[in-house]
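Visitor: I am attaching a structure below and will ask some questions about it afterwards.
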Amino acid sequence: MNHAQKTILLIGTIVIGLMGSYPPWLRIEPDKPAHSMGYGFLWTPPTELRAERANLFGIELQLDLGPITANRIDWSRLLTQWATVAVLTASGIAITTSKRRLPSMNEPADRQSARV
């Protein structure tokens with residue numbers, strides 16, 4: 001493995017590690033569809049303020065129901081991101097692989113025999 005390949009592998013590994021420490025989150029409640037809460041650190045999941053508005057006989061009411069916190073990592077999105085980085089990393093390593101150069105048809109025969 002050459003220097004460029006090691007660098008690409010290191011960068012890919014660091015990116016995957018950072019994605020794992022700052023994953024996408026979901027809020028799952030009974031009898032409700034899953035709600036995407038965005039991204040947050042593993043030790044501090046994202047929160048949103050829950051508020052409801054109502055109009056009662058022309059009076060505007062706003063109820064602050066408090067914050068809600070994400071309660072589950074969105075594994076399908078995180079695994080998709082990891083797979084994308086893995087494919088890009090593998091592609092970068094494959095592109096930087098050094099291959100033996102084949103002689104071209106326009107090269108003189110004496111140069112071809114000297115190289116072999």
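Visitor: Among the numbered conditions (1) more than 30 Å from Gly92 (Cα to Cα); (2) among the hydrophobic types (A, V, I, L, M, F, W, C); (3) free of Cβ contacts under 8 Å to residues at least 24 places away in the same chain; (4) surrounded by 11 or more Cβ atoms within 10 Å (Cβ to Cβ), tell me where Leu65 comes up short.
Guide: That leaves (4) as the condition not met.
Visitor: Specify which of the listed residues (Ser98, Ser76) is small (Gly, Ala, Ser), loosely packed, with under 11 Cβ neighbours inside 10 Å and under 17 Å from the mean Cα position of the chain (by Cα).
Guide: One residue alone meets the criteria, Ser76.
Visitor: Filter the stretch 6-31 down to residues that are within 16 Å of Ser76 (Cα to Cα), surrounded by fewer than 16 Cβ atoms within 10 Å (Cβ to Cβ) and over 10 Å from the mean Cα position of the chain (by Cα), then give me how many there are.
Guide: Qualifying residue count, the stretch 6-31: 2.
Visitor: Of all residues in the stretch 85-113 being out of contact with any helix residue (DSSP H, G or I) (no Cβ under 9 Å at 6 or more places or on another chain) and of a type in the set (D, E, K, R), which is modelled with the highest pLDDT?
Guide: Lys99
Conditions (1) of a type in the set (Ser, Thr, Tyr); (2) modelled with pLDDT under 90; (3) at negative phi, marked per residue:
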{"site": "Ala4", "(1), (2), (3)": "no, no, yes"}
{"site": "Ile16", "(1), (2), (3)": "no, no, yes"}
{"site": "Ile28", "(1), (2), (3)": "no, yes, yes"}
{"site": "Thr44", "(1), (2), (3)": "yes, yes, yes"}
{"site": "Thr80", "(1), (2), (3)": "yes, no, yes"}
{"site": "Ala83", "(1), (2), (3)": "no, no, yes"}
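The values are calculated or read from the model by the stated rules, or taken from the named source; none is laboratory data. What you see is a predicted model, and the numbers here were worked out from it, not measured in a lab. Don't worry about glycine lacking a Cβ; one is built from the backbone with ideal geometry, like all the others, and counts go over all protein chains shown.
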